[in-house]
Amino acid sequence: MFRKLSINTGLTMIKQMINRIILPIIFGCYINLVSAQRPKNGTYTYQIAFEEWGGKSLGTTCTVIIKGDKIKVLDNGSRGLMGTKGDVLDSGIIVLHKSGKWIIGHTIKDKNAKEIGGCSDGPTVIDFKRKKWRTC
């Protein structure tokens with residue numbers, strides 16, 4: 001009923017399992033991590049995702065300026081905002097929160113903030129992969 005496997009056969013099966021299952025999982029996780037890293041220095045246009053509207057942007061955008069670990073989110077004059085073009089909507093430092101989300105923090109200690117994003121008093125969330133700045 002059961003056949004004995006030699007050590008070589010067992011090792012071959014383990015190698016096949018690693019190549020077919022484990023390596024693709026590790027590679028997939030690496031790709032997601034790399035794609036979620038913060039962008040290079042520059043000026044970008046991001047959608048504004050309003051939490052009270054289920055994260056929808058309603059066509060509203062903002063300008064995001066990244067320089068080193070510093071970040072500024074500016075009103076770019078698009079519809080849906082009540083300020084004026086050039087107003088600073090948020091600014092601070094780019095911090096990877098303990099949840100794995102990127103936030104706009106004011107100190108490095110914000111990486112351990114109890115609340116982030118949404119309509120909380122915590123730091124706002126910025127999604128570099130989807131180019132969205134989340135606010136209330």
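Taken together, the values in this text are just the output of simple stated rules run on the coordinates, not laboratory data. Keep in mind it's a predicted model, so treat the numbers as computed, not measured. Every residue, glycine as well, gets a Cβ built from its backbone with ideal geometry; the counts of neighbours run over all protein chains shown.
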Could you give the nm distance between label points at residue 119 and residue 98, where each point is 7 Å from its Cα heading toward the beta carbon? 2.6
What's the exposure ranking of 15, 40, going from fewest to most Cβ atoms within 10 Å? 40, 15
Could you pull out every residue, at least 5 positions away or on a different chain, whose amide H is within less than 5 Å of the one on residue 78? Hs are placed 1.01 Å off N in the peptide plane, and Pro or chain starts have none. 61
If you place +1 on the Cβ of every Lys and Arg, -1 on the Cβ of every Asp and Glu, and leave all else neutral, what size is the dipole of segment 42-135 about its Cα centre, to the nearest 20 Debye? 360
Members of 56/131; 72/98; 56/111 lying beyond 18 Å, as alpha-carbon distances in this model show: 72/98; 56/111
Rounded to a whole number, the Stokes-Einstein D of segment 42-135 in µm²/s (Kirkwood radius over Cα pairs; 10 °C; 1.306 mPa s) is 120
